[in-house]
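Down below is the structure, laid out as structure tokens.
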Amino acid sequence: MHPGVLHRRFLNDLSSSLFSFVLPLLPTNEELTVKEEVRGLIEKLIKTIEPSARLLSFGSSCNSFGLRNSDMDLVVLIDDPSAGIEPSHFVAMMGDLLERETNFDVKPLPKARIPILKLTLAPSPALPFGIACDIGIENRLAIENTRLLLTYATIDPARVRTLVLFLKVWAKRRRINSPYRGTLSSYGFTLMVLYFLVHVKQPPVLPNLQRIAPITPLSEEQVMLEGRNVYFFDDVETLRQEWSSINYEPVGELLIDFFRFFSHDFQFNNSVLSLRAGQLTKESKGWVNDIDVGGLNEMARDRNRLCIEDPFEVTYNVARTVTKDGLYTIRGEFMRATRILTQRPDRAVLALAELCR
Ligand code: GTP
Ligand code: MG
């Protein structure tokens, strides 16, 4: 058989293997129901401290990139400005309350840079993996970036969700998804995939939602949140009718291209990935990484090894946790993945298994 035909067959095989790989890792309806009940219960308790408080989910439980048994990310929003709530104080009060009224193991971290409360529920027959949840206060930007990610996923769920979910599983299995140990958060990997689909792939798989003009002009007040411009085109119905990609690459091909791009083409030393604006230079952002003096600069140096601009907090490097060693490991994993997928084994399903070993 012609090599081109074989290759095409492998790519189709890889795409269907990716769908089958991801499917059983999605959260069950039962899990989603339990988590929603937990959120409702905690919200009810919190309202006894501050009636105008609401408890919202963000992150993977509602950006459509959630895996089975993932942590819950929750945030308290206080709607009454006259309540005058101080986050660290509120975290401490919530800690006392939940300790008294629930079976959760409660760990308040009121003195952290961003005060949060950590809750865990030990595994039980009904919840074999227990529940782990972080509750933050007033982090409204996180709600907006969750909505942005969800909107991107909604445009082309079959390809976008499959790619992101696979990448998340792969990164966890290969142990390069630990911000505390020098590698990258799930949020960071998700932004890399979206950047690739918006800015690298030609023709693009996704439009740049932050660059599509609103249907009716919006005032400054409508788009600003905590001093950040959080505008993006979020009218999914209009997008469905008026935007469709002319890139029809199967998801397996996109995965290989993703790994190949980050193995060989992306200039990690001097480039910044910006979902908002495409490829930027570290210099233009002031995220330079080779200041040669020690002390404080030593920290600054390691903070900007890998640079991923947050879509709204544009002065913030989402990948600041990635150390020199961490980046070396991540790049090594991209290369290993490219190698495994382009050696064209007979069976795509075996390639995926080896990839995630
Ligand atoms: P899993 O928990 O691994 O399933 O993934 P996740 O999609 O929940 O991602 P992660 O836990 O890394 O982040 C959860 C949410 O927190 C993200 O969707 C963002 O809204 C927010 N977030 C995480 N890290 C950052 C960060 O570095 N900067 C900002 N601005 N927001 C972040
Ligand atoms: Mg999370």
Pick from 274, 88, 124: which residue has the top mean-square fluctuation in a GNM of the chain where Cα pairs under 10 Å get a spring?
-> 124
With label points built 7 Å along Cα→Cβ from the Cα atoms of residue 34 and residue 315, find their separation and express it in nm.
-> 4.3 nm
So what J values fall out for segment 271-281 if you push phi through Karplus, 6.51 cos²θ - 1.76 cosθ + 1.60 with θ = phi - 60°, rounded to Hz, Gly and Pro as x?
-> 10, 10, 8, 10, 5, 5, 10, x, 7, 10, 9
Hey, can you find the accessible area per residue of the chain for me, probe 1.4 Å, expressed in square angstrom?
-> 51 Å²
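Return the calculated 222 nm mean residue ellipticity for the chain, to the nearest 500 deg cm²/dmol, obtained by summing -39500 (n - 2.57) across DSSP H runs with n ≥ 4 and dividing by the residue count.
On the way: 13 runs with 157 residues, N = 357.
Theoretical 222 nm ellipticity from helices: -13500 deg cm²/dmol.
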Among beta bridges that DSSP assigns inside segment 1-154, antiparallel share in %, nearest 5 | 75 percent
Report the residue, chosen from 50, 101, 138, that carries the largest GNM mean-square fluctuation when the chain is represented by alpha-carbon nodes joined by springs under 10 Å.
-> 101
Would you mind classifying segment 173-297 by shape? Square roots of the alpha carbon gyration tensor eigenvalues, ordered a ≥ b ≥ c; an a/c under 1.5 is rounded, otherwise it is prolate if a/b is larger than b/c and oblate if not.
-> oblate
Please determine, in degrees from 0 to 90 and to the nearest 10, the orientation of helix 3-22 with respect to the longest principal axis defined by the Cα atoms of the chain, where the helix direction is its Cα long axis.
-> 20 degrees
According to the square roots a ≥ b ≥ c of the eigenvalues of the Cα gyration tensor, what is the shape class of segment 125-189, taking rounded for a/c under 1.5, prolate for a/b larger than b/c otherwise, and oblate for the remainder?
-> rounded
DSSP-defined antiparallel bridges as percent of all bridges, the chain, nearest 5 | 75 percent
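Express the relative contact order of the chain as a whole percentage, based on alpha carbon pairs under 8 Å and six or more residues apart in sequence. Present the calculation step by step, with values, prior to reporting the outcome.
On the way: 508 pairs, mean separation 58.2, N = 357.
16 percent.
Quote the relative contact order of segment 303-357 in percent (integer), defining contacts as alpha-carbon pairs under 8 Å separated by 6+ residues. Provide the component values of the computation, followed by the final result.
Working: 39 pairs, mean separation 13.5, N = 55.
In percent, rounded to a whole number, it is 25.
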Pairs to check: 107/201; 118/168; 111/172; 47/172; 35/168. Give those whose C-alpha atoms are more than 32 Å from each other in this structure.
-> 107/201; 47/172
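Expected output is a single nm value to one decimal: the length gained when fully extending between residue 336 and residue 82, i.e. 0.36 nm times separation in residues minus the C-alpha distance. What is it? Present the calculation step by step, with values, prior to reporting the outcome.
On the way: separation 254, 0.36 × 254 = 91.44 nm, distance 5.51 nm.
Contour length minus the Cα-Cα distance gives 85.9 nm.
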Once the piece of chain linking residue 226 and residue 44 is laid out straight, how much longer is it, given 0.36 nm per residue of separation minus the C-alpha distance between them?
-> 62.8 nm
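Under the definition of Cα pairs under 8 Å and six or more residues apart, what whole-number percent is the relative contact order of segment 165-292?
On the way: 89 pairs, mean separation 28.3, N = 128.
Once normalised by length, the contact order is 22 percent.
Under 1.5 on a/c is rounded, so check that first for segment 152-191, then, if it is not, pick prolate when a/b is larger than b/c and oblate when it is not; a ≥ b ≥ c are the square roots of the alpha carbon gyration tensor eigenvalues.
oblate
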Protection proxy ranking of 15-21, 198-204 - average other beta-carbon atoms within 10 Å, highest first = 15-21, 198-204
Taking the chain as the reference, fit the longest principal axis to its C-alpha atoms, fit the long axis of helix 324-342 to the helix C-alpha atoms, and give the angle between the two in degrees, 0 to 90, nearest 10.
-> 40 degrees
Pick out which of 253, 30, 144 has the largest mean-square fluctuation in a Gaussian network model of the chain, springs linking Cα atoms closer than 10 Å.
-> 30
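The values are calculated or read from the model by the stated rules, or taken from the named source; none is laboratory data. Quantities reported herein were computed from a predicted structural model and do not represent experimental measurements. Cβ sites come from the backbone with ideal geometry, for glycine too, and all protein chains shown count toward neighbours. For accessibility, only protein heavy atoms count, side chains too; no ligands or nucleic acids. Shrake-Rupley method; radii C 1.70, N 1.55, O 1.52, S 1.80 Å.
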